[in-house]
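Each remark here refers to the structure printed beneath this line.
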Amino acid sequence: MAEYYTLGASLPTLRLDDLKTIGFTSSEFVDELRSQAPSADQKQLDLMLLPEDNRTLLALLQGNPIPESGHPYAIGPVKLKALVDLLRSREPDAVDPFEVQEEVNKRDYPTYIIDFAREYLTDEVSQRPPEYFYEDILANAYYDYVEREGNKFVRTWKALERNIILVLAAITVKRFDLDARKLIIGESELVRLLRSGNWSDVSFLEEGDVVTEITRISEEENLSTREHKIDDFKLRFLDNLTFADTFSINAMLAYLERLLILERWANLDKELGASRFKEIVGTLNSEAREGLEDFRRMNKKANSSFRK
């Protein structure tokens, strides 16, 4: 495993309560890390980045605009579009996944990406309604892939992400009396208990502490505060995972996750700031228009009096 002494020593500390510009983006950090990482480490980096490719793949399949998040990719829109175009050019029921993998550079596409795209297009042509949400199906396939291909750090981190999603989905199911089978996807013991609504037994699982903490945070009524608390929990989890580990690939990947979290909040602040600015400008424009109308009325009245 490579050690990243120079890169690690040059990185500033990242904190959730510090949304100031730190001088570089997650994409720039990934480019620098790629330039130094051997192939084994790059594979783990790609595993961390694939969620952005998942979102892009789904947008391409659904004919929607590609989301502009600014996050780095593992595969990228160009290669994903090439895959989707290839699959669309075939009769979906006749597509042989092994043949597709031979036609494209299969090293560029994790198996779950090809399988999901092919199955999505098959469902689309036959107009079969999906039993689950496509986003959840793709996410579940991704987390299963990580469990097979990731190192211990990546598997542990992505398992936390997956468990948080499952717990929040279960809380939503319980709160609104929804169909647990459609919203809580997977084959783990945690999934089985959350689907059954048997929360008392969840505490005995390895994931019990995560369930307890996320359940407590979910009681927060303010959505922004709740999201901050979840991200703070994630950051503390990362700190524990990489304690006394400063220069390994795991430390670099943990830093990338911190950077992505920070960027998300910085972008949200910009969006909220822009929204608030428009609101203020709209109010000022409204007040200005009212003031102008008042001035016109007063001026008209004065002119009328003068003529008399």
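The values are calculated or read from the model by the stated rules, or taken from the named source; none is laboratory data. The model shown is predicted, which means the values in this text are computed figures rather than measured ones. Ideal geometry is used to build each Cβ from the backbone, glycine not excepted, and the neighbour counts take in all protein chains shown. When the accessible area is computed, the model is the full protein with side chains, heavy atoms only, and any ligands, DNA or RNA have been set aside. Shrake-Rupley method; radii C 1.70, N 1.55, O 1.52, S 1.80 Å.
Annotation: of all residues in segment 234-293 being at pLDDT below 90 and under 14 Å from Thr156 (Cβ atoms), the one that is surrounded by the most Cβ atoms within 10 Å (Cβ to Cβ) is Asp245. Figure legend. Inter-residue proximity from segment 17-35: first residues of a type outside the set (S, T, N, Q), second residues at pLDDT below 80, beta-carbon distance below 6 Å, spacing 6+ or different chains. Indicated pairs: Leu19/Asp269.
The criterion of at least 1 residues that are of a type in the set (Ser, Thr, Tyr) is met, among helices (runs of 4 or more DSSP H) falling completely within segment 180-228, by 189-196, 199-202, 208-218. Residue pairs whose Cβ atoms lie under 6 Å apart, separated by 6 or more positions or on different chains, with the first residue in segment 39-54 and among the charged types (D, E, K, R) and the second open to solvent by less than 50 Å² (accessible area, probe 1.4 Å), are Asp41/Ala2; Asp41/Ile249; Asp46/Ala74; Glu52/His71; Asp53/Ala74; Asp53/Ile75. Filter segment 151-191 for residues that are of a type in the set (Gly, Ala, Ser) and under 15 Å from Val211 (Cα atoms); which is farthest from the chain's Cα centre (by Cα)? Taking the candidates together, the pick is Ser188. Can you name the number of the only condition in (1) surrounded by 12 or more Cβ atoms within 10 Å (Cβ to Cβ); (2) modelled with pLDDT of 95 or more that Ser26 fails? Ser26 satisfies all of (1) surrounded by 12 or more Cβ atoms within 10 Å (Cβ to Cβ); (2) modelled with pLDDT of 95 or more except (2).
Among the conditions (1) open to solvent by 20 Å² or more (accessible area, probe 1.4 Å); (2) touching an Asp or Glu at 6+ places or on another chain (Cβ under 7 Å), the only one that Leu190 does not satisfy is (1).
Selection of helices (runs of 4 or more DSSP H) fully inside segment 41-157 by the criterion of at least 3 residues being surrounded by 13 or more Cβ atoms within 10 Å (Cβ to Cβ) and modelled with pLDDT of 90 or more returns 77-88, 111-126, 134-149.
Is it the case that Lys182 is surrounded by 13 or more Cβ atoms within 10 Å (Cβ to Cβ) and of a type in the set (D, E, K, R)?
Numbers: surrounded by 13 or more Cβ atoms within 10 Å (Cβ to Cβ): yes; of a type in the set (D, E, K, R): yes.
Yes; evaluated as a whole, the condition is true for this residue.
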